[in-house]
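**Student:** Here's a structure for you.
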Amino acid sequence: MSRLIAGVSLVTLLFTLGTTEADAQNIEQVTGTQGVQCLEHGVVGDVPGLTLSLDTTGNPVLLIYTVQFNASPSGSITLWPVIDGVTEFSGQRDRDIGDFSGQVADVTFARVFALASGAHTFGLRATCQSTVVFSTSWLTVYELPKSKQGKNQQ
């Protein structure tokens, strides 16, 4: 009986050590505000509800968003990711509706950014043409795990 208890205790100890030493996932996600009209063409503003903060350890972060919107036939939207208040112009995405009567469309984006360790803020900015109303949207920021590259090459 003592062997069984010792075996169970050893398994419990190893499982506890393994789970406490594992890196926790560093991720935040926020859902945007629905039903808000986008600013008119030429005026840039924050996308409603899509702002979050994340403390990072210095690993790269994966920023992902989807913005769905309703628009008139002449509706269009331009979106940019924002990190620490700085607009990332290289991440610009444009979406035009076209000649159809008003419809639902979406813009998706994913890109990895290198950041220093510390607290960071993330969000989206947009400008629109004609009538564009935000629908379902979300922003996710995930700090990638420490790279294991080169670990097996020693």
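**Student:** Pick out, from the stretch 79-154, the strands (runs of 3 or more DSSP E) lying fully within it that include 3 or more residues that are at pLDDT 95 or above.
**Tutor:** Counting at least 3 such residues, we get 103-113, 118-129, 132-143.
**Student:** Then there is this: Of the residues in the stretch 43-71, how many are open to solvent by 30 Å² or more (accessible area, probe 1.4 Å) and among the small types (Gly, Ala, Ser)?
**Tutor:** 3
**Student:** If a residue has to be under 22 Å from Thr140 (Cβ atoms), touching a residue at least 12 places away in the same chain (Cβ under 8 Å) and not in a strand (DSSP E or B) to count, how many in the stretch 24-53 make the cut?
**Tutor:** Summing the residues that are under 22 Å from Thr140 (Cβ atoms), touching a residue at least 12 places away in the same chain (Cβ under 8 Å) and not in a strand (DSSP E or B) in the stretch 24-53 gives 7.
**Student:** Return the residues of the stretch 86-101 that are open to solvent by 50 Å² or more (accessible area, probe 1.4 Å) and out of contact with any Leu (no Cβ under 6 Å at 6 or more places or on another chain); say none if nothing qualifies.
**Tutor:** Val86, Phe89, Ser90, Gln92, Asp94, Arg95, Asp96, Asp99, Phe100, Ser101, listed by residue number.
The values are calculated or read from the model by the stated rules, or taken from the named source; none is laboratory data. Please read these numbers as outputs of a predicted model, since none were measured by experiment. All Cβ positions, even for glycine, are placed from backbone atoms using ideal geometry, and neighbour counts span all protein chains on display. Just the protein is used for accessible areas: all its heavy atoms, side chains included, with ligands, DNA and RNA removed. Shrake-Rupley method; radii C 1.70, N 1.55, O 1.52, S 1.80 Å.
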